[in-house]
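Remarks on the structure that follows.
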Amino acid sequence: GQLPTWLQGILLRNGPGMHTIGDSKYNHWFDGLALLHSFTFKNGEVYYRSKYLRSDTYNCNIEANRIVVSEFGTMAYPDPCKNIFSKAFTYLSHTIPEFTDNCLINIMKTGDDFYATGETNFIRKINPQTLETLEKVDYSKYVAVNLATSHPHYDSAGNVLNMGTSIVDKGKTKYVLFKIPSSVPEQEKKKSRFKHLEVVCSIPSQSLLHPSYYHSFGLTENYIIFVEQPFRLDIVKLATAYIRGVNWASCLAYNKDDKTWFHFIDRKTKKEVSTKFYGDALVFFHHINAYEEDGHIIFDLIAYTDNSLYDMFYLKNLDKDFEEHAKLTSFPTCKRFVVPLQYDKDAEVGSNLVRLASTATAVKEKDGNIYCQPEILCEGIELPRINYGYNGKKYKYVFATKVQWSPIPTQIAKFNTQTKEMLHWGQDHCWPSEPVFVPRPDAKEEDDGVVLTCIVKSDPKEPPFLLVLDAKTFTELGRATVNVEMHMDLHGIFIPEQAVKTETE
């Protein structure tokens, strides 16, 4: 095929790559050592490279020739690697364990720099051209968080907004929203930009010892959206996991009879909206987008009715008959919540406060709380991406992977949230990764651009390839076949040519 001449830059991807070290094996697919890979587009040609993230975790494991650093689904014993782990396994010092810096989930842009990210307090700077691993940053040196998401947001000025959980800090467990500036004052250029990190606000956890697990959050022009789901981490279990010989994943529990609380923080005043909004229990990982319309906040996410998705990826379940056996007990459902921030305070109890054309409801209750039920937009999509120029604004299109009852995606989809139409691309034995939308320079329409995805073939004899689709029509423009063993990955970003610092700079 033919690639558009304007497509110049680097598609950078991250995900688990190595699951066996010496005689030891990780229990879970999400535990594997981070493997970075990139496709560089230059003058109609594509260059591929891949490299393991040289984290402290990677170096310790390779040196010991076995797994010595615990991951979320795999506890390692004992830990001879003293530079990562505290020597004392006293109850207190191990309450919040020293987590891994195996940053295998996503890539974050901060100013001109790029970082591999996971869900712990560590991120690793990388060179997007050579994939070399650079310095390690510990968020907890700059803000009191023990965990942080891998799905930050970027505002119009290029500042990074992210959220993390602060576990039992000064007797409180809270969710902390923080901002990393895109630039620092000239006289402080030598200092780390993280020194200028600023806490935007914090939200107390409903429970001191059971904070909610979350993988992403939402953003509109004026509000930050945090969904506190009843899929929670048990801190006491976490503190004793090592002694009990179980992994940290076993410290997560979902309570289907509990509520899901919706928090809205005003970005200007940094205060939370005082009305309490809630919905039924759900488990979700990915927000799609959110926006404001006529006094309402509309936010879309992909939700499940249980937490079976994580269990599917235990390696013991990923055998050769995986496609036949792995059946999700809960199907990913794209839900739209419509929350009336401005409503008639004298509205009757039991009345629906939503004034927009949607089947979503928000019902006023006796105690003043508002019970929200979503509109179902579609089913069976995951790893959603949008044209990020429309983040926080009214939008039409979601690009996503299409999953049947198995968690392995079989197609790429483009979903129109307004007409509910869906376009697909798929071929036999093709497993696509998260689709990334790249807008055409000077594009006027939301879907004017291309969609990039890496395709792994389920037949090991067939080589993987990078697929380039026209985002409007979803027709194939071209593919670049790579004669290497490529792994399924998690998330990534496209870096336009002008955003890549050259080596000399």
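The values are calculated or read from the model by the stated rules, or taken from the named source; none is laboratory data. Just so it is clear, the model here is predicted, and its values are computed rather than measured. Using ideal geometry, Cβ is built from the backbone for each residue, glycine included, and neighbour counts are taken over all protein chains shown. Surface accessibility is based on the protein's heavy atoms, side chains included, excluding ligands, DNA and RNA. Shrake-Rupley method; radii C 1.70, N 1.55, O 1.52, S 1.80 Å.
Quick notes on this one:
- Cleavage-rule hits (GluC sites (Glu not before Pro)) in region 143-227: DSSP loop, at most 14 neighbouring Cβ within 10 angstrom: GLU221
- For q = 0.22, 0.24, 0.25, 0.29 Å⁻¹, Debye-computed log10 I/I(0) when each Cα of region 221-284 counts as one equal scatterer: -0.87, -0.92, -0.96, -1.09
- The sum of -39500 (n - 2.57) across all DSSP H runs of n ≥ 4, divided by the residue count of the chain, sets its helix-only mean residue ellipticity at 222 nm to -1500 deg cm²/dmol.
- Theoretical FRET efficiency, 1/(1+(r/R0)^6), r = Cβ-Cβ of GLN342 and ASP258, R0 30 Å, to 0.05: 0.60
- Expressed per residue, the C-alpha convex hull volume of the chain stands at 160 Å³.
- Heavy-atom accessible surface of the chain: percent carbon and sulfur, 1.4 Å: 50
- Compared with the direct C-alpha span, the chain from VAL349 to GLU188 gains 52.4 nm at full extension, assuming 0.36 nm per residue.
- Simple spin-label estimate for THR269 and ASP112 in nanometres, 7 Å along Cα-Cβ: 4.0
- For the chain: accessible area per residue (Å², 1.4 Å): 43
- Sites matching chymotrypsin sites (Phe, Trp or Tyr not before Pro) across region 392-464 that sit in DSSP coil, with at most 12 neighbouring C-beta atoms within 10 Å: TRP405
- Assigned charges on the beta-carbon of Lys, Arg, Asp, Glu; region 9-499 dipole about Cα centre (debye): 1140
- In this structure the amide hydrogen of ASN146, modeled in the peptide plane, comes within under 5 Å of the amide hydrogens of THR165, SER166, ILE167, none closer than 5 places in sequence on its chain.
- Ellipsoid semi-axes for region 92-174, based on the Cα gyration tensor and the rule √(5λ), read 24, 16, 9 Å when sorted largest first.
- Taking every C-alpha pair closer than 8 Å and separated by at least 6 residues, the mean separation divided by the residue count of region 9-499 gives a relative contact order of 11 percent.
- Of the GluC sites (Glu not before Pro) found in region 357-404, those in coil by DSSP whose Cβ has at most 14 other Cβ atoms within 10 Å are GLU365.
- Under the criterion of Cα pairs below 8 Å and six or more residues apart, the relative contact order for region 347-486 equals 14 percent.
- Highest-first arrangement of 270-279, 298-307, 339-348, where packing means the average Cβ count within 10 Å: 298-307, 270-279, 339-348
- Highest average packing first - 124-135, 5-16, Cβ atoms within 10 Å: 5-16, 124-135
- Taking each of LYS179/LYS271; LYS189/LYS501; LYS259/LYS335; LYS335/LYS420 in turn, the alpha-carbon distance never tops 18 angstrom.
- Annotation: aspartates and glutamates with alpha-carbon distance below 20 angstrom to LYS270 (same-chain offsets under eight excluded): ASP155, GLU198, GLU221, GLU228, GLU292.
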